[in-house]
Amino acid sequence: MFELTATPIDPAALSARLNAPEAGALTIFEGRVRNHHLGQPVTHLEYEAFDDLARLEGEAITAETERIYPGTKVLCVHRTGSLAIGEAAVWIGIASAHRQAGFAACRHVIEELKLRLPVWKKEHHPGGAAEWVNCTAEAAARPATDEMYARQAALPEVGTAGQAKLSAARVLVVGVGGLGCPAALYLAGAGLGRLTLVDGGKVERSNLPRQILFTTAELGAPKALAAAARLRLHNPSVQITSHEGDLTSANARALVAGHDVVLDCTDNFTSRFLLHDTCLALGVPLVSAAVHRFEGTLDVFTPGVGGCLHCQWTGRNPGELDSAGNCAGGPVFGPAVGVLGVMQAAEAIKLILGLAGDAPRQSRLVNLLDGSQLSIAREPRPDCPVCSRLDTLKAVPPVAVTDTTLFLDPARIASVGPTAQTVYLTEPGETAPAGMTSVPALDLARLRELATAGPLVLTCRYGVRSAALARLLRTEGNTQVFALTTA
Amino acid sequence: MFELTATPIDPAALSARLNAPEAGALTIFEGRVRNHHLGQPVTHLEYEAFDDLARLEGEAITAETERIYPGTKVLCVHRTGSLAIGEAAVWIGIASAHRQAGFAACRHVIEELKLRLPVWKKEHHPGGAAEWVNCTAEAAARPATDEMYARQAALPEVGTAGQAKLSAARVLVVGVGGLGCPAALYLAGAGLGRLTLVDGGKVERSNLPRQILFTTAELGAPKALAAAARLRLHNPSVQITSHEGDLTSANARALVAGHDVVLDCTDNFTSRFLLHDTCLALGVPLVSAAVHRFEGTLDVFTPGVGGCLHCQWTGRNPGELDSAGNCAGGPVFGPAVGVLGVMQAAEAIKLILGLAGDAPRQSRLVNLLDGSQLSIAREPRPDCPVCSRLDTLKAVPPVAVTDTTLFLDPARIASVGPTAQTVYLTEPGETAPAGMTSVPALDLARLRELATAGPLVLTCRYGVRSAALARLLRTEGNTQVFALTTA
Amino acid sequence: MSRPIHVRFFAILREQAGVSTLTLDTVSPDAATLYAELQGRCPGLTFPVALLKVSRNEAYVDLTTPLAAGDRVVFIPPVAGG
Amino acid sequence: MSRPIHVRFFAILREQAGVSTLTLDTVSPDAATLYAELQGRCPGLTFPVALLKVSRNEAYVDLTTPLAAGDRVVFIPPVAGG
């Protein structure tokens, strides 16, 4: 619960509101007016709030905090008006059964308030001078090149120009588990501009040995949110956003769009293929890793360079591979995911800096049991059903990110209308699944005919051709063409 | 400041004592009596304290906390006697200029209190039953095999037997920087018995990108203490001790003794040689790593297997190597230290589990820039001045750890008395430094003569031969023989 | 076609603009354009648009989100709660 | 040669021993041996020595630290503060 108040904060009364016989821990943070700021003496402060929005935003923060840290009850009050030195400007109290969740939740609330709450303070100095905090002085006080990155920027391969590239770069990390935790930590440490985390899971006890962003305080918390909270403490200057939910064919494009590099830290082939094909279609490089027991593989996929995931696994589909080799939930050596996760961060940083070299043409196999490493060439297959046609696919103008209506979930086919026709696009030599109407992917004339006749839903083996052709038909004015998403 | 009290805790009065115009953050933790514990209803609690020791220990904890988190002022009060549901048992308040330090300090105090404060609570249940908490019930409630390690123990190479070995193992990590932070995290995650951290440094802003145990809250904190605090949150079941100080020739033996594996996470050759020679002399395996820019080396040294550090660097001394290749403070690629640090954890775990294989016979060179890795054989040199004589050295009974009087700091030579003679032990073909009396290391007869004549101080190139021979002469009854420590 | 938009200023923007609320008829399609228009009208309004966030009808939106008649728009300088 | 040692019990140990303080003349060289001796005298004192810590003159010491005449020894069962 969140409140704004124009009268002095009464800690005793507030803390009494959190009394609960089942809560053993009460964690409180009180922000008070200091007599100095950025080296200057302060006589008093004036707080001004955009009341309506502040109440909504404050309520959103406290509610979100209770969700990230299960078993916590949050009460937060922010003061407005004129405050003397020593008066409380903000009071945050957390009642919880366990102290770890209490500390983490309390810290989360104050960090989010500082970032999001539309409240401003005017600092009054001796002699009558006054200024709005954060508006000008703090930006000016921030050093141009941060001492934090000194040793990285001192590398000739990085330099101040490389550091500037990093601070402008946007990286998407899909999966915040054993691979994603170390990867995100080293990416945040490198000083990226933005880091987006995607994970629909919650922190479990068996995750803790490898998922180094989490402690017992975060048990039961949504991973994406808990990871974002910890990373903000590591490097407050990186903009961290989290998507609490799994990668699906319905959201893959919207998530990938707007990022310069994507990290595949998932643990199954279905997600891996989906992410790979989405990145290929949008032209975004992908750093993919997978770990089985003591061993891991690392692949950098750059559209148009080296073989793609389909070249590697020609003729297999993700479902098959998952049933054969999916190691989600299986035995795993913690340091193996650690090494591979940090390597993913290294490759992402190198892609941003233009240092990737031959990485996109190789698969790296790392064995932590015998200490060996093997790099094998990942050549493009001339007959690859996907990347050999990359030029054709790329000739199609990229779809606007907001055009999510292009993609259609199989469950929603009926919504297109009773006259909609669903068509499977075949490659030369490919047979469509039994019972499906098929059209050769190369027969554009026939597809144009169908598109003008009525609503048309396209599908194909990997979802890449159908998306590209649906997009092409749309640009030709056929608004009722859709691409079926693959599970 | 720490206090014990038999009367109810008054939060308002306590928090008023922390008023300070320069402190902008007040962080409070209140531990209250819950109406349930381990699934059983509770009617009230009785706290009993060993007053004198509790006051000393409490004061030690609050003082230590103020040292770990610079700029914090700590007040902590613990209640004794009979407490009703909802009453406060402990109150911890931190006044600080910055909120991050406040949160971290508050969390540290409660964790340490729970571990160290001689206070006991008796839980009363409905119907009159009562029991002393922690004494029997909690131990019984703890599962035999922890679900936390389920996926690691599921590896056939680990199993429950391996997990038991890990939980009995004691590992020393020297240097809690870019290598030591990730190494310690994955070691703690694996469920070791004891982890000892050694570092004399303090957290600086330029450390943060790579030293992933620290956040801005720990700026200025002693690394060993801050790292221990964070690791305890990661895995409370690992006993973590910290030594706040650098590795020196005076403390090396005492630090290494009692550990099953040692990790060299230092950043200079002088420390590397000292740690290597100490481990060799005490028969403890060592996992050593070093990083230069984008590249790293990894060596597992197991006494008697493979070449030693001197085989690698024959004819060089640490000072030379440091001036040529010491990268402390130089340019470094964050993920390179990350990968090497996690690899060190992997090798330590494998040593404990008996899975080290050929690792002790190889140097692994990892290049994160071109993605390559090379393993090169590290053969023992038949003429190695150190490890070729390992059997001779090992025949000498190991010195008792408490016998620190064997080792003598050069600054304290005078304390041995005016008649003491200092002798440099030479290898065949070696010339002693100018101005030093020398005796061939193999000339035991001459050494025995000198030892019986009066106080004798031995020194040599690496400090290993002199220590071994001093020890031998001591066991023969010459109490006035010393080995000079090398800086 | 112009339509009425309600604008509120807080903190440094209020002081720079010299008013705390105003309603104007405008053709500005989005908040970014509207802010430029307001800067034309209030010479003191020099705060750089790059540092602003914007809310429409009490929800954060992008500076380029289209505005509609009767929208309540607030320009939000860097916040400083706590 | 025996010498006097002062012993204090807390919490579960006090209840098991049935006394809170006692002074005894003993030849036990260290706290571990002393605890075994006390277990011989107080049949209720069944708490396992493996779970105990010990303080001598208000400082934590090892169970095997030698004891001297007049030492104040406290056996400390697992603590439960906070």
Open item on the list: So the label point sits 7 Å from Cα along the Cα-to-Cβ vector; using that for B:Glu131, what distances do you get to the other copies, in nanometres, sorted shortest first?
Closed with: 6.2
- [ ] Tell me, rounded to the nearest percent, the portion of alpha carbon pairs in the protein assembly as shown spaced more than 57 Å apart.
- [x] 24
- [ ] Check the axis relating chain C to chain D and name the residue of C whose C-beta is nearest, distance in whole Å.
- [x] C:Gly82, 14
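For the pair C:Asp62 and B:Gln239, what calculated FRET efficiency results from E = 1/(1 + (r/R0)^6), where r is the Cβ-Cβ distance and R0 = 45 Å, to the nearest 0.05?
Numbers: r = 52 Å, r/R0 = 1.16.
Efficiency computed from Cβ-Cβ geometry: 0.30.
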Task: Of all DSSP beta bridges in the protein assembly as shown, antiparallel share, percent nearest 5 - done: 60
Open item on the list: Excluding same-chain pairs closer than 8 in sequence, count the lysine pairs in segment A:147-395 whose Cα atoms lie under 27 Å apart.
Closed with: 5
Open item on the list: Under 22 Å between alpha carbons, and skipping anything fewer than 8 positions from B:Lys121 in its own chain: which lysines qualify?
Closed with: D:Lys53
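Averaged over A:232-238, how many beta carbons belonging to a partner chain fall within 10 Å of each residue's beta carbon?
Counting Cβ atoms of other protein chains within 10 Å of each residue's Cβ and averaging gives 3.
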Task: Gain in span if fully extended, A:Ser415 to A:Ala13, counting 0.36 nm per residue against the direct Cα distance - done: 139.3 nm
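Partner chain Cβ atoms within 10 Å, averaged over the residues of A:39-48 - can you pull that number for me?
Values: counts 0, 0, 0, 1, 0, 0, 1, 1, 4, 6.
The mean count of partner-chain Cβ atoms within 10 Å per residue comes to 1.
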- [ ] Would you work out the charge dipole size for chain B about its Cα centre, treating the Cβ of every Lys and Arg as +1 and the Cβ of every Asp and Glu as -1, and quote it to the nearest 20 debye?
- [x] 380
Open item on the list: What distance in nm lies between label points placed 7 Å from Cα along the C-beta direction at A:Glu427 and D:Gln39?
Closed with: 7.4
Task: Test item: A:12-21 mean partner chain Cβ contacts at 10 Å - done: 3
Open item on the list: Taking a point 7 Å out from Cα toward Cβ as the label site, list the nm distances between B:Glu87 and the same residue in every other copy, smallest first.
Closed with: 3.7
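Show me C:27-35, B:35-43, B:273-281 ranked by packing, highest mean number of other Cβ atoms within 10 Å first.
Working: C:27-35: 17.7, B:35-43: 13.8, B:273-281: 25.2.
Per-residue Cβ counts within 10 Å, averaged per peptide and sorted highest first, yield B:273-281, C:27-35, B:35-43.
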Open item on the list: Sequence gap at least 6, Cα distance under 8 Å: using those rules, report the relative contact order of segment B:2-133 to the nearest whole percent.
Closed with: 37
Task: Size descriptor, Kirkwood hydrodynamic radius, that averages inverse alpha-carbon separations across chain D, Å - done: 12.6
Open item on the list: Between B:Ala453 and C:Arg3, what is the label-point separation in nm under the 7 Å Cα-to-beta-carbon projection?
Closed with: 10.6
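So what's Rg/Rh here for chain A, counting alpha carbon atoms and using the Kirkwood radius for Rh? Before the final figure, lay out each step's value.
Values: Rg = 26.3 Å, Rh = 25.4 Å.
Checking Rg against Rh, the ratio lands at 1.04.
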- [ ] Could you grab the relative contact order for chain A? Cα pairs under 8 Å, six or more apart, rounded to a whole percent.
- [x] 11
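For n ≥ 4 DSSP H runs only, could you compute -39500 (n - 2.57) per run for chain A, divide by its residues and tell me the 222 nm figure to the nearest 500? Please list the in-between numbers first.
Details: 16 runs with 164 residues, N = 487.
The helix-only estimate for chain A comes to -10000 deg cm²/dmol at 222 nm.
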Task: Label distances, nm, B:Asp51 versus same residue in remaining copies, Cβ-directed 7 Å point - done: 5.5
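I need the semi-axes of the equivalent ellipsoid of segment B:407-484: take the C-alpha gyration tensor, multiply each eigenvalue by 5, square-root it, list largest first in whole angstrom.
Details: eigenvalues 60, 43, 26 Å².
So the three semi-axes of segment B:407-484 are 17, 15, 11 Å.
Looking at segment D:3-76, send over the antiparallel percent of its DSSP beta bridges, to the nearest 5. Please list the in-between numbers first.
On the way: 13 of 17 bridges.
Taking every DSSP beta bridge within segment D:3-76, about 75 percent pair in antiparallel fashion.
Every read-out reported here was derived from the displayed coordinates using simple, explicitly stated rules and does not represent laboratory data. On a predicted model such as this, the values are computed, not experimentally measured, just so you know. Positions of Cβ are generated from backbone atoms using ideal geometry, with glycine treated the same way; all protein chains shown enter the neighbour counts.
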